[in-house]
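A quick write-up on the structure given underneath.
The values are calculated or read from the model by the stated rules, or taken from the named source; none is laboratory data. Bear in mind that the values here come from a model prediction, so they are computed numbers and not experimental data. Cβ placement follows ideal geometry from the backbone for every residue including glycine, while neighbour counts extend to all protein chains displayed.
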Amino acid sequence: MEGPIGISMILMGIYLFWEPSYGRAPERTGKVTPRKSGFASDAGAAVMASVKPNFVPRSGLRIYRAFGVVGALLGLLVGTEFAVPLLDSMDLLAAGSLSPDVVKISCVVLGLFFGYTLPKVAENYIVVGGPPIAILLGYEYLVYERGIDPQEVLSEVPVISELSHPALSSLLLVSSTFLTLTFRMYLRQVVPIFMSGLLSGGLIGNGGQILHSTSLPESPLEVEVVFSSLLALSSITLQIYSKFYRRDRRIKKERAHAREKRMSQGKKTGDVIILRCPSCSQEAPHKVVNRKEGAQGFEVMVNCRGLNQFDEVCNFHHTVIEVRS
C-alpha cells in the first residue's frame, strides 16, 4: 500500500513542479465571433453565466487539473464506499430508481468539479484576505511580542497645524487599504506559483521518504521538511523566472524583430509605423513625413503621434534609418 501511495505522490509532485504555460508567450485570440442579439441569445447567455460563475477557473494551470483528478478519485472512493452502500441500505437501489453506476458517475463528476474549483477559491481567499490579515498579525506582533504600540508612537509625532492626529490616523488607514489593493495585483500572479511549488516539494519529498522507509509517517517529526523545502524553493524560483523574466524577454525580442522587419520594408509618405520615440520613450505610432536615400540606407523622417497621460500628442520629429533588405 505504501508503494503506490509514494509513487503517486512523486508523479503528482513532478507534474506540479513546472508550469509550461509560464514559458510561452500569451496566446493571441483569433477573430471574435459576432454575438447574436435577441431574447433567446440573451437568455442563453444568462443561463451560461449562472452555471459558469466567476470562481470557476478558466485558465488551464496544472494545479487546477491536478486537483480535479484528485477530486474525481476521491469522488469515486466516496461513491463506492459510502454513497452506494448508504442508498442500498435505504432500498433506493433495489427499487430500480437508481443504479450503482449512476451514483458513482455522479460522485466522480461532483468530485471533479469541487477539486477543480478548490485551488481557485483558495487563491481568491488568500489574495483578498491575505494583506489585511498580514497587517493585523503584524500589528499584534509589534504590540505583544515587541512591546511597540503604533498608536503610542503616532501620538508622539509632532502635531502639524493643518493635520491633526485623527486625520493622520485616517490617512494611514487609507494608505494601508491602498497597499492591500496594490498587493492583490501581484498576489494573483504569484499565489498559484507558490501553491504549486509548495505542493510539488511536499509531495516529491515525502513520497520519496515513504518509498525509502516503506511506511507512512506516524508523527509530524517523520515528515520530510528539508528536502521538500529545497524542491519547493527550486520550483517557485524556476516558475517565477519563467513567468516574469523569460517570457518578457521573448516578447521584447519578438517586438524588436517585428520592428526591424517593418523597417526593412519600404515605407511611403503618410504611412504609419510603430517605433520607440526618443522624446516620450514610448512604443508609439509614427507617421512618415519624408523619405530619402542616404549612404547607410533610406533616411525616414517620422512624426510621433503617441499620446501622453494627458491625451496630448507628442508631435516629436526624428529620423530613423531604413536599412536595405
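Structural remarks
- Residue list for the range 265-291, filter: assigned to a strand (DSSP E or B) and at pLDDT below 80: 291
- Residue within the range 81-88 that is among the charged types (D, E, K, R), in the same structural domain as residue 187 (by TED's automatic domain parsing) and modelled with pLDDT under 80 present: yes
- Residues (touching a Leu at 6+ places or on another chain (Cβ under 9 Å) and either over 17 Å from residue 15 (Cβ atoms) or buried (at least 22 other Cβ atoms within 10 Å of the Cβ) (or both)) located in the range 200-228: 200, 201, 203, 204, 205, 207, 210, 222, 228
- Criterion: hydroxyl-bearing (Ser, Thr, Tyr), over 29 Å from residue 200 (Cα atoms) and either part of a loop (DSSP other than H, G, I, E, B) or in contact with a Pro (Cβ under 8 Å, 6 or more places away or on another chain) (or both) - qualifying residue of 139, 144: 139
- Residue selected from the range 229-241 under the condition of a type in the set (S, T, N, Q) and crowded, with 20+ Cβ neighbours inside 10 Å, by the criterion modelled with the lowest pLDDT: 239
- Verdict on residue 116 being loosely packed, with under 11 Cβ neighbours inside 10 Å and at pLDDT 85 or above: no
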